[in-house]
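Read the structure below first, then the notes.
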Amino acid sequence: MAKIKLTKNELKKQKDSLKMFQRYLPTLMLKKQQLQAEIRGTEIRIEELKREKNRIDEAFKSWIAVYGEKGVFTPDILVIDNIRTAEGNIAGVSIPIFQGADFTTASYDLYRTPLWLDAAVERMKQVLLLDLEARTLEEQRRRLDHELRVTTQRVNLFEKIKIPETKNSIKKIQVYLGDQQTAAVVRGKIAKRGLAQAAGGGSA
């Protein structure tokens, strides 16, 4: 804690600082609660996406045998061209919001490829969309987590350090100024008594 001046000006400065800390603390605490709620909501949505992906993966198992057909389902049959996101704002934090994705499907001969290929491509799109949305939500959570850490540090700084320190400084200055005032009164009385005695002695 920095050394404080034991003056009336410093007392006013410390009181103004205390008012500021006490005014901002509730706002910071509200922001902290909002961030915690948003992070929880993001985590719930990520879990929902994982469950949906698992459900589709289970359905995919019925296709595993036919996926093994050489040269039919190749990795380049479905390509992500563009991931569409927008910028959102939560509690002052800029976050990406998933809006979808654009795909290119490789051309294939409808007469020579199995009928299941169209359905498989559509299911692959579903899985990729779920993955991309989950990835965007992970980035949301990362940014919100960072802001929550910063906000929590500020709450702790105000609540546990700045406000107690400022209150202690105010008390210290008030005690000192009170003592000074008392001493001045005592000195005044002594001086008055001395003057009275001197005046009495002069008349004797």
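The values are calculated or read from the model by the stated rules, or taken from the named source; none is laboratory data. Every value quoted in this text rests on a predicted model; they were computed, and no experiment measured them. Counting neighbours? That spans all protein chains shown, and the Cβs are built from the backbone with ideal geometry, glycine included.
The table that follows gives values for the structure above.
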| quantity | calculated |
| --- | --- |
| Among the candidates A120, A134, residue that is out of contact with any Leu (no Cβ under 8 Å at 6 or more places or on another chain), surrounded by 15 or more Cβ atoms within 10 Å (Cβ to Cβ) and either in contact (Cβ under 8 Å) with a residue 40 or more places away in the chain or not in a helix (DSSP H, G or I) (or both) | A120 |
| Meets criteria (in contact with an Asp or Glu (Cβ under 7 Å, 6 or more places away or on another chain) and at pLDDT 95 or above) for L18 | no |
| Conditions (1) at pLDDT below 90; (2) of a type in the set (A, V, I, L, M, F, W, C); (3) exposed (fewer than 11 other Cβ atoms within 10 Å of the Cβ): number failed by F73 | (3) |
| N89, sole failed condition from (1) in contact with a helix residue (DSSP H, G or I) (Cβ under 9 Å, 6 or more places away or on another chain); (2) among the polar types (S, T, N, Q); (3) at pLDDT 90 or above | (1) |
| Hits in the stretch 151-199 - residues which are surrounded by 14 or more Cβ atoms within 10 Å (Cβ to Cβ), within 24 Å of A91 (Cα to Cα) and basic (K, R) | R154, K162 |
